[in-house]
Amino acid sequence: NEIQILRSLLESAQLWQRVERDYKRLHVQRSDVPDALTQEESLRLLRAAARASRTAVAPWVAVLAFSTGMRSGEIKPLQLGDLHECDEFPYLVVRRRTTKTDAGARRVALDGIALTALAKLRSRSELMGSVRPTDCLLPTDRGRHTRSSDPLHGGSGFDPRHPQSSWESEWKRFRKTAGISHRRFHDLRHTYISRAAEAGVPTAVVEAQVGHMSAEMVRWYTHISTRAQHKAACQIEAHSPELLRAL
């Protein structure tokens, strides 16, 4: 990790090529525990969200992350003008200033699950006063800004011009309700990429959707489920049924 930071600095200074040929990366061992939700956990997540109140945030941003692979930091600053749900091919826009890398600036395709989540969040934002294209999908509650040094301190109600900075407490309660207390929010990104791999989506398409810079990074996030592996094993067996009959 330290060399990765150093490499970024040297690349910015156009000096990395001087040492690149002599650099050999250390092997990074992947976790033995998959970071993607199981099928049952995914169903519990969606069913718990369906029971959430109309002013809830964490359940629906979790569903949005689950169905698009978006990072929490990409969801928080979304503006209403970034959403294009009524387009022939619905999508939203992630802008460069709100994401980690140049590859992160992208159009994110929206499926039925994502559109449902956005409909819930848009309905909530209208209740909070967000109606203009430049208003935030998740307007901040000024009452939560209690530090005197905070520019938003001293106000009341919701401010559509500034995004909500966190939903950590609500996310913690929602995980408990959904029976996935051990899961991180970032696991939803792992889950989306793993679901895409199991569905046979080409790696290049997954890269475009989630904003990864390489196929290697997509593979890092991919955790094929036991269910999908068993299905593949049966599919291989069914391709040559005479082999099983020979036993």
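The values are calculated or read from the model by the stated rules, or taken from the named source; none is laboratory data. Nothing here was measured: the structure is a model prediction, and the numbers come from that model. Please note: Cβ atoms are built from the backbone with ideal geometry, for glycine as well, and neighbour counts cover all protein chains shown. Surface accessibility is based on the protein's heavy atoms, side chains included, excluding ligands, DNA and RNA. Shrake-Rupley method; radii C 1.70, N 1.55, O 1.52, S 1.80 Å.
Worth pointing out:
- The set of residues in the range 204-242 that are of a type outside the set (A, V, I, L, M) and either touching a strand residue (DSSP E or B) at 6+ places or on another chain (Cβ under 9 Å) or over 24 Å from residue 66 (Cα atoms) (or both) comprises 209, 211, 234, 235, 237, 239, 240, 241, 242.
- Any hit, the range 79-96, residues being under 20 Å from residue 191 (Cβ atoms) and over 17 Å from the mean Cα position of the chain (by Cα): no
- Of all residues making up the range 80-104, the number that are acidic (Asp, Glu) and open to solvent by less than 30 Å² (accessible area, probe 1.4 Å): 1
- Residues considered: 51, 106. Of these, the only one that is touching a strand residue (DSSP E or B) at 6+ places or on another chain (Cβ under 7 Å) and among the basic types (Lys, Arg) is 106.
- Unique residue being in a helix (DSSP H, G or I) and open to solvent by 20 Å² or more (accessible area, probe 1.4 Å) when the list is 114, 119, 52: 119
- Pick from the range 154-177, criterion within 18 Å of residue 72 (Cβ to Cβ) and more than 18 Å from the chain's Cα centre (by Cα), ranking: most open to solvent (accessible area, probe 1.4 Å): 173
- Here residue 77 clears all of (1) exposed (fewer than 13 other Cβ atoms within 10 Å of the Cβ); (2) in a loop (DSSP other than H, G, I, E, B) except the condition numbered (1).
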